1. What is the sum of charges around Ile37, taking Lys and Arg as +1, Asp and Glu as -1, for the other residues whose C-beta is under 15 Å from the C-beta of Ile37?
2. For the chain, take the longest principal axis of its alpha carbons; what is the angle in degrees between that and the long axis of helix 92-109, to the nearest 10 within 0 to 90?
3. Using a Förster distance of 35 Å, how high is the FRET efficiency between Thr167 and Thr39, based on the Cβ-Cβ distance and rounded to 0.05?
4. Determine the relative contact order of the chain: mean sequence separation of Cα pairs under 8 Å and six or more apart, normalised by residue count, in whole percent.
5. Using alpha carbons only, how many degrees (0 to 90, rounded to 10) separate the axis of helix 287-296 from the longest principal axis of the chain?
6. Just tell me which aspartates and glutamates come within less than 17 Å, Cα to Cα, of Lys15; anything on the same chain fewer than 8 places away is out.
7. Evaluate Rg over Rh across region 157-275, taking Cα atoms for both radii and Kirkwood's formula for Rh.
8. Could you give the length gained by full extension between Asn208 and Ser184, i.e. 0.36 nm per residue of separation minus their alpha carbon distance, to one decimal place?
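No value in this document is a laboratory result; all are computed from the given coordinates. Because the structure is a prediction, the values reported are computed rather than measured. Methodologically, a virtual Cβ is constructed for each residue, glycine included, from the backbone with ideal geometry; neighbour enumeration extends over all protein chains shown.
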Amino acid sequence: MNENYLEQAADLFTKSYKKARENQNILPVKYEDNNNIFTLLQDFSKESIGVVAVENSEVIGYLTGLPISNFKGSQRGIYCPEWSHAVRYKDRLEIYQKLYEEASDLWVQDGCLNHAITIMAHDDEAMNSWFWNGFGLHVVDAVRDLNLLSGNFNNEIEIRKFKKEDTEEVAHLYFEYKTYMASSPIYLPLIQVKNAEDINQWLLNPDNNLWLCLSKNNIIAIMEVSYKQSNDAQILSDDDTVSIGVTYTSESYRGQGFTKALLQKVLEDALLKGYKRCAVVFESQNDSGRYFWLKYFKPVCYSLVRKVDNRILDKV
């Protein structure tokens, strides 16, 4: 996208973001500032591939994505963050349709067959547009306030932070997590999960915590927490956000309130530290995880994926 259009493109996104904050004012206010989005787009434009729709010298829509090798599989793909696309409110579906027609042509010519895009959850119209273009739901970003959870808690369990002597037991839970995420119907082949060395290295960062749930002195559940950094959607990235990472409860202990107890402790700790919100990202096809997170969090962004048949490369 030509740099001359970046300022107008940033303005289009911030208008949409303000709509999102009308529904969820817990979202960071800083992304209502055009300058913050302009900077993101400016940096992104150096490597991204995309198009812009212009009418009478006015930007009415844009769509740009970052090429990534081995993306969502062994093939090259493209990823469009939630701020890397927006359209005006008049003729929205038609503009999005034309943008994808033009942009996807460039992407496929570049060998990018796996297309992924993140859409703000309030935008049902945009979601519908992408579904009709062959995209399916894959990942959900969600957020909640730090109010403590209601209901009863099991008083016989212990919640505490990781200690070095926990390494071997915790590493085994990470291996169980990898196996679970690769199973039906998730089918997410985690190329690498944390081993004993990785766990201790990750915890050297003071902004990372690993909370454990114990029953009868056995570690049965883990919950990663990061402060001021995350893999969440950009609109959740903020100094006031605490982000939950890998969360796993051993199969025989699920449904008994252990993960809820971990979440309660994370919320308590974040509140004491002065944070304002808690974020999580999860795979939509993870049925038990989806049920848990949607019980306590509200979606902010949906990430959709489309896989283009690789035989098309013989035709372009």
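1. Values: positive: Lys15, Lys18, Lys19, Arg21, Lys30; negative: Glu3, Glu7, Asp11, Glu32, Asp33, Asp43, Glu82, Asp238.
Counting the neighbours of Ile37, the net charge comes to -3.
2. Between the helix axis and the principal axis of the chain, the angle is about 90 degrees.
3. Numbers: r = 40 Å, r/R0 = 1.14.
Once the sixth-power term is evaluated, E becomes 0.30.
4. Working: 547 pairs, mean separation 66.4, N = 316.
Rounded, it is 21 percent for the chain.
5. Tilt of helix 287-296: around 90 degrees.
6. Cα-Cα hits under 17 Å: Glu7, Glu32, Asp33, Glu58, Glu82, Asp91, Asp123, Asp124, Glu125.
7. On the way: Rg = 14.2 Å, Rh = 15.0 Å.
Result: Rg/Rh = 0.95.
8. On the way: separation 24, 0.36 × 24 = 8.64 nm, distance 3.02 nm.
That works out to 5.6 nm of additional length.
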